[in-house]
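K.L.:
Structure incoming, see below.
The values are calculated or read from the model by the stated rules, or taken from the named source; none is laboratory data. Small disclaimer: the values here were computed from a predicted structure and weren't measured. Note: ideal-geometry Cβ built from the backbone for every residue, glycine included; neighbour counts use all protein chains shown.
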């Protein structure tokens with residue numbers, strides 16, 4: 001994980017962090033495990049627009065493929 005840049009012009013305490021592909025995949029797996037769902041199950045919830053919780057929806061917004 002590397003600090004990409006510090007956004008100083010408007011919010012001096014905000015840091016932008018860049019993850020490697022491996023770190024991103026590990027974080028995605030960890031979030032899905034914590035929710036107790038697979039990516040496909042979360043995708044189904046998104047397709048039906050019926051998430052099990054607000055946290056499920058937030059995780060989907062982070063991990064969905066465009």
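K.L.:
Consider only pairs whose beta carbons are under 8 Å apart and that are at least six residues apart or on different chains; among these, list those whose first residue lies in segment 42-63 and is more than 13 Å from residue 32 (Cβ to Cβ) and whose second residue is modelled with pLDDT under 95 and not in a loop (DSSP other than H, G, I, E, B).
P.N.:
Filtered contacts from segment 42-63: no entries.
K.L.:
Follow-up. Within segment 12-31, does at least one residue satisfy the condition of being in contact with a helix residue (DSSP H, G or I) (Cβ under 6 Å, 6 or more places away or on another chain) and either at pLDDT below 90 or not in a loop (DSSP other than H, G, I, E, B) (or both)? Working first, answer last.
P.N.:
Restricting attention to segment 12-31, the residues satisfying the condition of being in contact with a helix residue (DSSP H, G or I) (Cβ under 6 Å, 6 or more places away or on another chain) are 28, 31.
Then keep just the ones that are either at pLDDT below 90 or not in a loop (DSSP other than H, G, I, E, B) (or both); that gives 28, 31.
Yes, the conditions are met somewhere in segment 12-31.
K.L.:
Would you check which residues across segment 32-49 are in contact with a helix residue (DSSP H, G or I) (Cβ under 9 Å, 6 or more places away or on another chain), loosely packed, with under 13 Cβ neighbours inside 10 Å and not in a helix (DSSP H, G or I) and list them?
P.N.:
Taking segment 32-49 as the starting set, the residues that turn out to be in contact with a helix residue (DSSP H, G or I) (Cβ under 9 Å, 6 or more places away or on another chain) are 32, 34-35, 37-39, 41-43, 45-46.
Now restrict to residues that are loosely packed, with under 13 Cβ neighbours inside 10 Å: 34, 38.
Result: 38, single match.
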